[in-house]
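The values are calculated or read from the model by the stated rules, or taken from the named source; none is laboratory data. If you're wondering where the values come from, they're calculated on a predicted model, not measured in any experiment. Neighbour counts run over all protein chains shown; Cβ positions are idealised from the backbone, glycine included. Heads up: the accessible areas ignore ligands, DNA and RNA and are worked out on the full protein's heavy atoms, side chains in. Shrake-Rupley method; radii C 1.70, N 1.55, O 1.52, S 1.80 Å.
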Number of protein chains: 2
Amino acid sequence: MNFDQLADTLKALSDPTRLKIIALLQIRDCCVCELVPLFEISQPAVSKHMSRLKNADLVKESRKGMWVFYSLNRDRLNEIGISLTNLPDLSEELRQLEQQGLLVQCD
Amino acid sequence: MNFDQLADTLKALSDPTRLKIIALLQIRDCCVCELVPLFEISQPAVSKHMSRLKNADLVKESRKGMWVFYSLNRDRLNEIGISLTNLPDLSEELRQLEQQGLLVQCD
DNA sequence: CAACATTATAACCATATGGTTATAATGTTT
DNA sequence: AAACATTATAACCATATGGTTATAATGTTG
């Protein structure tokens, strides 16, 4: 990977919101409406963050009904040689979402 | 490391010029006047890049006479879990600099 | 079909970023 | 001391970034 490509990919990771999204996707695939209540930003802002991650090939999307679920592209992370395994654990946040009935069941 | 700190550090790495500087420092400590002819940007621009890397604790500086030499903070790179060992090899660029008499001898 | 739910896009705004030139600060050499 | 070499800082500029609100696009449900 050349310097420009790697810089672009790192830039896509260089944002606290996107890093937190990555940390969440390490636990579980998520759709946009699940992510929104975890951040104090608007739905379009979350949507734009997902676009940024998708353009950098860091996540994959798949539509399920009216939801768009995003999953981590772990191969890509390995490719760029960054181990994001030491990110803060967000399991508790997801558990709270579930309690509030904000996790989507679609299978 | 929390999300904000990691994002700041990754942002310091998310630039092709700074990645190339990191690649050079993996081979050899360098001073600003050695780096300038390797890039098509001004001396102040290189100086600002070094400030950015130093603020992120990714490099250390040490003055030797009128030169300021920068070295890689490898511990820091390990800390953030990024392996930049697959960057393009710039040994040839440094060899050409040496031929042009642009490498500083100060010991 | 109509109303609703979810996601994406458009237009806009304030701040950050990466460059420039000019100049100051620091150290060396004559 | 004066001239030179190296590096950092200041002031500025164009573009990128990350947010907003409004609205379009897509799919579901009554």
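Counting only protein heavy atoms and a 1.4 Å probe, tell me what percentage of the protein assembly as shown's accessible area is made up of carbon and sulfur.
Values: 5030 of 11530 Å².
Carbon plus sulfur share of accessible area: 44 percent.
With a 10 Å cut-off between alpha carbons and a GNM built on chain A, which of A:LEU84, A:LEU72, A:LEU25 moves the most?
A:LEU84
Can you flag which of A:LYS64/B:LYS11; A:LYS11/B:LYS48; A:LYS48/B:LYS60; A:LYS54/B:LYS60; A:LYS11/B:LYS60 are past 28 Å Cα-Cα?
On the way: A:LYS64/B:LYS11 34 Å; A:LYS11/B:LYS48 18 Å; A:LYS48/B:LYS60 36 Å; A:LYS54/B:LYS60 35 Å; A:LYS11/B:LYS60 23 Å.
Going by Cα-Cα distance, A:LYS64/B:LYS11; A:LYS48/B:LYS60; A:LYS54/B:LYS60 fall outside the 28 Å limit.
I'm checking a number: the convex hull volume of the Cα atoms of the protein assembly as shown, normalised per residue, in Å³. What is it?
Working: hull volume 27.1 nm³, N = 214.
Dividing the Cα hull volume of the protein assembly as shown by its residue count gives 127 Å³.
Between chains A and B, what is the buried accessible area summed over both chains (1.4 Å probe, protein heavy atoms, nearest 100 Å²)? Walk me through the numbers before you get to the answer.
Details: alone 6690 and 6700 Å², together 11530 Å².
The buried area between A and B, both sides summed, comes to about 1900 Å².
Between copies, how far does the label point of A:VAL104 sit from its twins, in nm, shortest first, when each point is 7 Å from Cα along Cα→Cβ?
5.6
Give, as a single signed number, the net charge of other residues whose beta carbon lies under 11 Å from the beta carbon of A:GLU61, with Lys and Arg counted +1 and Asp and Glu -1. If you can, show how the numbers build up before the last one.
Values: positive: A:LYS54, A:LYS60, A:ARG63, A:LYS64; negative: A:ASP29.
Charge balance in the 11 Å sphere: +3.
What's the local net charge at A:MET50, with K and R +1, D and E -1, over the other residues with C-beta under 10 Å away? It would help to have the intermediate numbers written out before the result.
Working: positive: A:ARG18, A:LYS48, A:ARG52, A:LYS54; negative: A:GLU61.
Within the 10 Å Cβ shell, the charges total +3.
What distance in nm lies between label points placed 7 Å from Cα along the C-beta direction at A:ARG95 and B:PHE39?
For the pair A:ARG95/B:PHE39, the computed spacing is 4.6 nm.
Between beta-carbons, use under 12 Å as the cut-off and find the net charge around B:GLN100, counting Lys and Arg +1, Asp and Glu -1.
Working: positive: B:ARG95; negative: B:GLU34, B:GLU93, B:GLU98.
Net of charged neighbours comes to -2.
I'd like the accessible area for B:ARG52, computed on protein heavy atoms only with a 1.4 Å probe and all protein chains in place. Round to 10 Å², please.
Using a 1.4 Å probe on the heavy atoms, I get roughly 100 Å².
Would you tell me the mean number of C-beta atoms belonging to other protein chains that fall within 10 Å of each C-beta in A:17-30, as a whole number? Before the final figure, lay out each step's value.
Values: counts 2, 3, 7, 4, 1, 1, 1, 0, 0, 0, 0, 0, 0, 0.
Taking the mean over all residues of the peptide, I get 1.
Any idea of the accessible area per residue across the protein assembly as shown, 1.4 Å probe, to the nearest Å²?
Details: 11530 Å² over 214 residues.
Heavy-atom SASA per residue in the protein assembly as shown reads 54 Å².
Could you work out the Kirkwood radius for region B:1-81, taking every pair of different alpha carbons, averaging 1/r and inverting it, reported in Å? List each step's numbers first, then the result.
On the way: mean 1/r = 0.0774 Å⁻¹.
Over region B:1-81, the inverse of the mean reciprocal pair distance is 12.9 Å.
Expressed as a rounded percentage, what relative contact order does chain B have, with Cα pairs under 8 Å and six or more residues apart? Kindly include the intermediate steps, with their values, before the conclusion.
Numbers: 91 pairs, mean separation 31.3, N = 107.
Relative contact order for chain B comes out at 29 percent.
Per DSSP helix of 4 or more residues, -39500 (n - 2.57); summed, then divided by the residues of chain B. What does that give at 222 nm, rounded to the nearest 500? Could the numbers behind the result be given before it?
Values: 6 runs with 55 residues, N = 107.
The helix-only estimate for chain B comes to -14500 deg cm²/dmol at 222 nm.
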